[in-house]
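Colleague: Sharing a structure, written as C-alpha cells. Questions coming.
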Amino acid sequence: MAQSKIASALRKYLKGSELRILPGGNPSRPAPAHIMNKFCKSLIGNSGKSSSAIHSLMYADLSNSNLPKVIDGAINADVVQDFSNTLHSIFNADRRSFPSMYSYLLLSKDLISSDPSDDNYGQALVELFTKEQIDSIQVSLIEILDESKSPDVISKFTSSLLKLTTISKDDTSVDDPVNDPINDSVEIANASAFGDVAYEIISHGLERMKVNRDDSTRVKNVQRLSTMLSGLVSLGLIYDAARIHESIKNAPRGEMEFLPHEILGIVCFTGVPPGAPRDVRIKLATASFSNAIERAHKGISHVFVSYSDPTSDVSELVTKRVGGEDARNLIQAFNDFDVLSNPEINFKKLFSESDLKRAVKALAGKVGFAGPIKGKSATRMFMETSFLETLVYFLGENNKPYSVFVDNCYTKLGLILGSTQFIDDAQVARLKSLVGRNNDVKKTIAYLDELLRKRLVETGLAQEFSDGHTVIRIV
Amino acid sequence: MKEKLISEALSFLKGAKLSEAMSRELQNALYAPVLLENGEMLHVVLAEKLQEGRDVIVTGTAGGGKTMLVDQIVALLKNNNRTVLEIENSSEYTESNVVVIRDLTAIETQLCINFIDKKRRPPFLIAANEGALMSEDFGEFFFNSIKDLHSLQSGNIPKDEQSAIVVDMAAIDPVQHALPTFLSSELLHAAVNEFENNAGRSDSIRTHALSQLKDPKHAKIISSLIRESLGPGEITFSKLWDFISDIFIGGTEDSAVPTSPWFWRIFYGESKISTRISEVLKPDFLSLPNISLFLYKGDFQNLKFDKEQGAMWVSPGSFPQNEDSSDNKNQLMKWMKVQFVIIQLLTNVINQSVFVGSRVSRYSSLMGRSDSHIDLAYSFNKYFRNVLTQGAKYTGLELWVDLMVERRQDRSHGIVSLGRVPATGLQIVPSRVLANCGDADLLGSRVFFQAKSIDASTPNPSIEVSSALLRVLSSGKTLKKFNRSNDDVELSINNFFFSIANSAALERSDVLSVLHIRGNELPTEISWKIDNKFKREVVS
C-alpha cells in the first residue's frame, strides 16, 4: 500500500498529464459532502463568514454571542442543545462537520465551505471542464443553490438562519480565512475525455433541476447532485487512465476517439446489493471492475514511465515536477524502490492496483455505487436504491422506455446495466475472456437487465404496463 | 338451453380460456356486463358515446376482457343499424359509422396512422395494450390518452369531453364484477352436468355441491369472500377462468376424500387463485370446538341445521371416524369443517371473519371506512416516530425526510419535517376505470393514498397502498442501523412526501420540526417557529 505522503506527491508529479483525477494521500477520507462543497467552491467561491457563523452555533455553547440574535425567548442549555441538534439534522446529516472543519449539505451557496477533506477531488472534477462548460455549470449551480425562492420549510429555515447570522457575522467565533474569487484556484486546461462525459451528465441533470428550483424538490436535488458528483469522481479515477491504456493498446486506431464503453465497460450488479459472491452476475461484475482497475493502473503506469528517463538523475527528474517536501518524499521513494532501473515494474511499489481499487471503492461505496463495504468479498459496482435513483435522474428520460436509460448508462458512462443494442461482439468477447466459457455473458447481462427492470418498477422509478412495457418515471 | 352451446361451454372449461376461442353465442351467454357506479352497463354507455361521435380507447392486460367488451359494443352498434368497419391489415377503407381496431399491435402502424390522422373520419374504437399506445411509431397520437390512463391509475378522473374516452380494463376487478355471474351461470352448471354425464355419473358429489351456488345471493357471498382474500392487483379474466374451470370440473370423487366439490377446490384446487385464497384465509386453522365431534362421528342431528341448511349439506360418503388412515381422517375432517362453515356463510349464520386470516386483508377495510385515511396517516407517522402514544396522536400526515446523502451502516441522527398535511387534506381513493366519459364512473381495484393538491389542475400526489408498503409500515423503522430491505419503499415514501410538499396545503408551514435520534432511545421532537428569530415550540 502506497504511503500517504508518496501518493500525495505522486499525484502532483503526474499532474499536467491527461490524468486529472488521481487518489491523493487519504483516499478513504473524501465523502460526498466534501466533494460537493469543493466542487461548488471551485465554481462559485465560498461563503465567507455565513457558514462559519452557523458552524459556531452547531457546537452547543451557551456563551456563543450569536445565540440571542437567532433564538427568541429564554436561552438555556436545553434550548441551545435542541438548536444544535436541529442544525445537525438539517445541515450535517452526513456527520462531516467537526470543530476544526466542516462540509454541510449545500442548501444554499452561502453554506459552501473550504474543507480540504475532499482530497482535491472536487476541484479536480471542475478542472476537467473547458471554460465554456464551467460557465454553463456555474450559472445553473447558482440558481439551484438559491434557497430564497423555495417555499419549503427547510429552505425557509436556512434562509432565515443565513440572514440572522449575516447580520452578526462580525461576531463569529470561527473565522474562515479562505474566500477565493470565482475560479481563482481552478486551473482550466483543455477538456479531458472524461470531462466531456461528466459535463454532459451534470449539465443534463442541472437543467432538469432548474425546472424545480423554486419548489421543495430543490432540497432533494441538492442531495442528488451531491451523490452524482461522488459517483462521477469515482469513475473519473479510472476513466482517463483506462483511456490512455486503450489508446496505447489500440494504437492503429490513430486519433479516433474511444467511446466510454470501450474505455470502462464495467458490468454493474443491478439486483439488491451486495449480491451473493457465487452468483454468475456478481462474478461478471467483479471481473469487469477488476479489469477496468487493471487497465486504468496500466494507463497511470504508462504516463509515469513516459516521464522516467533511466539516464536522468532522480533528484533532477523529480524536482522538475514537484518541490519541497513532496520532492523529498518522492526522491526518497524513487531511490528506495530503485524505480528508474525498471519504472514499469517498480511503479507498482509506489502505487499498486490495490491502491487504486481501494480509492475507487472507498468513495463509490459512500454513495452506494460499489462494495461490499464490509467483508472480504471482491469489489463490484452495484446500485443501492439512492444511487439508482440519482442515476435515473441524471441519465434517464421521463416516460421513455427503461431501455433508453440502459443505453445511456452504456454509451455515456460505459456502465453495463442490461442488454443494449450497443453491446457489440467485441465487448461480449472481452467480458467472456474475463469470466471464462462457463459464464454465458449475453445471458448474464439479460438477467441483469430483468433484475434492473423489476427493481426500477419496485422503487417507483419506472412504471410497468400490462404487456411488460416499462417506462422511466422521474419524480 | 341449446345442447350445442352447453357442449361448447364444457369445451371452453376444459381448454383455452381466451375469449378469442369462444363463439359469439358463447361469448354472449357468458358475458358478465361491467356495471358502472350508477348501475348502467359499461358496453351500453360506450356504444352510445361512439354513436355520439366520441373516440374510445380500451386498454388493459392480455386476457383482461378487452376483446369481450369490444365484441359487446360492436354487437350493440350493429343491432342499432350502425355500420362498423373493422380495420385489419388487408382492410380497404370504406365509409362507416364506427371504425374498430381490435388489437393495435396486430395491425401495421402506418395503416393505423393513416386512419387516425384523417381530418374527417368516423369515431374509432381501439383496443390496445398500454405499451402499444406508447410506441414511438405513433408519435404523439396517443399522448393524451396515455396521460389520462396514468391519471386513472393514480385515482384521478380526467374529464375532457374533447379527448378520447379511455377505459382501463386492467383496473376492473373481474372477481368483483364477473365472478358472481360465473358462479351462478346456468350454462356453466349445465356444462358440468354434461361433464358428469359423460363420465357416467348421474348424481355426483360435484353437482350436488354446485347446486349450492345456483342462487345468485350465494354466488355473491362467495365472491365477496374471495375478493377479500385477494386484495388489490391485476387478476385477469383468463386467470379467473382458470380458477372457474378448476372449481367446476377439477378434482375427483374416486378417493376417500372427494376433491371435486367447489367449496374444497376454492381452497385446495390447482389454480393460482385458490393457492392465494388458501394462503390468506388459512382454512386449516378453522376452529369449530362445539361441532367437531359431531362432524367426526357423522352425527348430523346435532349440527342443528335448519331445513335450507340441511338441503344444502353434501355427504362425502364416509365419516372421519370410519376411516382407517389418519391422513384420511384429517382430510375428511377438514373437508367437513370447510363445508360446514361455507353453509353457515351462505345462510348468513356467520360472517367471513371465522377465517383466521381474513383480518390480514386490510385493503377492503381501508376502503370501507370514512376515517381510514387517518389510520393510514397514523401508520406513516408511527413508522418515522417509531412509537406514538394515543394522547399524542396526530390525525394528519407528517412529512419526515432524511437529509443524509452518504450510505452508512448507521442512520443519521435526525430527520426533518417538510411540514404536515391535515386529515382533511388526505384521502384514500381507488383507481378509476373511465376517463373523459361525462358522469360515468367506475372504481378500479387498486388503492391510493393521496394528498389533495391546492391547484385542482395538478394531479394529487399519491402513493399506492401496496402489500409492500403495508409490510414496511407495519414492520417499523429501525432507529440506529439502516434496514436496507425497506430502502425501496422508503424511496417511494420520500418521493410521495416531496410531491406533497410541492402541491398540497400544509399546516403550520412556518414551523420546522426535527426528530432527533440519539442511540437506541426513542426520537425526540424539536420544533422551531420561524419568525424574526427562531422560537422553540414545546411539543406535548
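Colleague: Determine which member of the set A:Ile137, A:Ile71 is farther than 30 Å from A:Pro23 by Cα, crowded, with 16+ Cβ neighbours inside 10 Å, out of contact with any Asp or Glu (no Cβ under 9 Å at 6 or more places or on another chain) and of a type in the set (Val, Ile, Thr). Full working, then the answer.
Modeller: Working: A:Ile137 fails: farther than 30 Å from A:Pro23 by Cα.
None of the others qualify; the one that does is A:Ile71.
Colleague: What pairs come out if I take residues in the range B:497-516 that are free of Cβ contacts under 8 Å to residues at least 24 places away in the same chain and pair them with residues that are in a helix (DSSP H, G or I) whose C-beta lies under 8 Å away, six or more apart or interchain?
Modeller: Once the first residue is free of Cβ contacts under 8 Å to residues at least 24 places away in the same chain and sits in the range B:497-516, its partners that are in a helix (DSSP H, G or I) give B:Asp510/A:Val153; B:Asp510/A:Lys156.
Colleague: Name the one entry in B:Leu522, B:Leu473 that is away from chain A (no Cβ under 12 Å) and in a helix (DSSP H, G or I).
Modeller: B:Leu473
Colleague: Which residues, taken from the range B:441-472, are surrounded by 19 or more Cβ atoms within 10 Å (Cβ to Cβ) and among the aliphatic types (A, V, I, L, M)?
Modeller: B:Leu442, B:Leu443, B:Val447, B:Ala451, B:Ile463, B:Val465, B:Leu469, B:Val472
Colleague: I've got another one for you. For A:Lys454, indicate whether it is surrounded by fewer than 22 Cβ atoms within 10 Å (Cβ to Cβ) and either within 10 Å of chain B (Cβ to nearest Cβ) or assigned to a helix (DSSP H, G or I) (or both).
Modeller: Yes; evaluated as a whole, the condition is true for this residue.
Colleague: Now a separate question. Anything in the range B:456-484 that is among the hydroxyl-bearing types (Ser, Thr, Tyr), under 26 Å from the mean Cα position of the chain (by Cα) and closer than 22 Å to B:Met404 by Cβ? List them, or say none. Give the derivation first.
Modeller: Narrowing the range B:456-484 to residues among the hydroxyl-bearing types (Ser, Thr, Tyr): B:457-458, B:462, B:466-467, B:474-475, B:478.
Next cut, under 26 Å from the mean Cα position of the chain (by Cα) only: B:462, B:466-467, B:474-475.
Result: B:Ser475, single match.
Colleague: Considering only helices (runs of 4 or more DSSP H) fully contained in the range A:286-395, which possess at least 1 residues that are within 14 Å of chain B (Cβ to nearest Cβ), under 21 Å from the mean Cα position of the chain (by Cα) and of a type in the set (D, E, K, R)?
Modeller: Of the helices (runs of 4 or more DSSP H) lying wholly inside the range A:286-395, those with at least 1 residues that are within 14 Å of chain B (Cβ to nearest Cβ), under 21 Å from the mean Cα position of the chain (by Cα) and of a type in the set (D, E, K, R) span A:353-366, A:385-395.
Colleague: Say we look at the range B:104-140 and pick out the residues that are within 13 Å of another protein chain (Cβ to nearest Cβ) and polar (S, T, N, Q); which of these is surrounded by the most Cβ atoms within 10 Å (Cβ to Cβ)?
Modeller: Result: B:Asn129.
Colleague: In this structure, does B:Arg508 turn out to be farther than 19 Å from B:Tyr383 by Cβ, touching a Phe, Trp or Tyr at 6+ places or on another chain (Cβ under 8 Å), surrounded by fewer than 22 Cβ atoms within 10 Å (Cβ to Cβ) and among the basic types (Lys, Arg)?
Modeller: When the stated conditions are applied, B:Arg508 does not pass them.
Colleague: Does B:Leu77 qualify as being modelled with pLDDT of 85 or more, over 10 Å from B:Ile126 (Cα atoms) and crowded, with 21+ Cβ neighbours inside 10 Å?
Modeller: When the stated conditions are applied, B:Leu77 passes them.
Colleague: Yes or no: the range B:492-501 includes at least one residue that is touching a helix residue (DSSP H, G or I) at 6+ places or on another chain (Cβ under 7 Å) and either surrounded by fewer than 22 Cβ atoms within 10 Å (Cβ to Cβ) or more than 9 Å from chain A (Cβ to nearest Cβ) (or both).
Modeller: No, the range B:492-501 contains no residue that is touching a helix residue (DSSP H, G or I) at 6+ places or on another chain (Cβ under 7 Å) and either surrounded by fewer than 22 Cβ atoms within 10 Å (Cβ to Cβ) or more than 9 Å from chain A (Cβ to nearest Cβ) (or both).
Colleague: If B:Asn520 meets every condition in (1) closer than 22 Å to A:Ser386 by Cα; (2) surrounded by fewer than 15 Cβ atoms within 10 Å (Cβ to Cβ); (3) more than 37 Å from the chain's Cα centre (by Cα) apart from one, which number is that one?
Modeller: Single failed check for B:Asn520: (1).
Colleague: Any residue at all in the range B:217-233 that is within 14 Å of another protein chain (Cβ to nearest Cβ) and either in contact (Cβ under 8 Å) with a residue 60 or more places away in the chain or assigned to a helix (DSSP H, G or I) (or both)?
Modeller: yes
Colleague: Return yes or no: is A:Ala7 over 30 Å from A:Leu232 (Cβ atoms), under 29 Å from the mean Cα position of the chain (by Cα) and crowded, with 20+ Cβ neighbours inside 10 Å?
Modeller: no
Colleague: Okay, moving on. Can you tell me how many residues within the range B:412-456 are more than 16 Å from B:Leu35 (Cβ to Cβ), within 14 Å of chain A (Cβ to nearest Cβ) and either outside any loop (DSSP other than H, G, I, E, B) or not aliphatic (A, V, I, L, M) (or both)?
Modeller: Result for the range B:412-456: 17.
Colleague: State all residues of the range B:530-540 that are within 8 Å of another protein chain (Cβ to nearest Cβ) and either of a type outside the set (Val, Ile, Thr) or part of a loop (DSSP other than H, G, I, E, B) (or both); if no residue qualifies, say none. If you could, list the steps in order and put the result at the bottom.
Modeller: Looking only at the range B:530-540, we keep the residues that are within 8 Å of another protein chain (Cβ to nearest Cβ), and these are B:530-536.
Scanning the range B:530-540 gives B:Asp531, B:Asn532, B:Lys533, B:Phe534, B:Lys535, B:Arg536.
The values are calculated or read from the model by the stated rules, or taken from the named source; none is laboratory data. Computed from a predicted structure; not experimentally measured. As a convention, Cβ positions derive from the backbone with ideal geometry for all residues, glycine included, and neighbour counts pool all protein chains shown.
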